[in-house]
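A short write-up of the structure that comes next.
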Amino acid sequence: MVVFLANRANLQSKRLHDRIQNRLSGTFENVRRRRAEPREAGTYRVVADVDPRQFLGDNEYPVSDARVEFGFQLRTSDPYEYYWFNWIEPERSLLVGWHQDDTHDDLGQVHLQVNDGATAVDHQRAQFIDSHPLDVVEQRLNSLPDAVFAVEWEQARPVGLDTSASVVA
């Protein structure tokens, strides 16, 4: 694990997202930074294409295309950054991701969310990581396969998360 001890107070959004893009370029394909859309919080997102079978180490995984998206909002009303870290499978309309933001206060600072298309089907409390954003990226990347495999399915639709999975704790 790489530990980042840089001063988080001096982070700049574009520079941070450029560093995330550089970090992901060795792991994923077609890594790019884009401006956030009006409906998205924060200024930027880093988007990367991924072969799920290779990334998850499962040659039988039901889809062959996915993407990951990362975004940080550095200046918030809370004493920590907000972020959105999502795994998206367009073919199955799946989104599973950690969101550290000002929604779902009943779940704490961060939650793991599953969407079926644009509809959220489950939210679970997740571990708060009080660390430099680049360390958060590393830790979430390491936990991503567990989160993807924790998604429960019914009739080929995502319906929630296996609450016994360690990634939900």
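The values are calculated or read from the model by the stated rules, or taken from the named source; none is laboratory data. Since this is a predicted model, take the numbers as computed values, not measurements. We place every Cβ from the backbone using ideal geometry, glycine too, and count neighbours over all the protein chains shown.
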Being buried (at least 17 other Cβ atoms within 10 Å of the Cβ) and over 24 Å from Arg33 (Cβ atoms) is the requirement here; does Val96 meet it?
no
Return the pairs, sorted by first residue and then second, in which the second residue is of a type in the set (Asp, Glu), the first residue lies in segment 50-72 and is assigned to a helix (DSSP H, G or I), the beta carbons are less than 9 Å apart, and the residues are 6+ apart or on different chains.
Pro52/Asp58; Pro52/Asp65; Pro52/Glu89; Arg53/Glu60
What pairs can you find where one residue is in segment 98-117 and among the small types (Gly, Ala, Ser), the other is in a loop (DSSP other than H, G, I, E, B) and modelled with pLDDT of 90 or more, and their Cβ atoms are less than 7 Å apart, with a gap of 6+ or different chains?
Gly108/Phe128; Gly117/Ser93
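Scan Ser93, Ser131, Ser143 and give me the residue that is touching a residue at least 12 places away in the same chain (Cβ under 8 Å) and over 25 Å from Ile20 (Cβ atoms).
Numbers: Ser131 fails: over 25 Å from Ile20 (Cβ atoms); Ser143 fails: over 25 Å from Ile20 (Cβ atoms).
The unique qualifying residue is Ser93.
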Those residues of segment 10-64 which are exposed (fewer than 13 other Cβ atoms within 10 Å of the Cβ) and of a type in the set (Gly, Ala, Ser) amount to Gly26, Gly57, Ser64
Enumeration of residues in segment 35-69 that are among the basic types (Lys, Arg) and within 14 Å of the chain's Cα centre (by Cα)
Arg45, Arg67
Taking segment 65-83 and the residues there that are of a type in the set (S, T, N, Q) and over 15 Å from Lys14 (Cβ atoms), the one that is surrounded by the most Cβ atoms within 10 Å (Cβ to Cβ) would be Thr76
What are the residues in segment 41-100 that are modelled with pLDDT of 95 or more, among the acidic types (Asp, Glu) and farther than 19 Å from Leu141 by Cβ, if any?
Glu60, Glu91
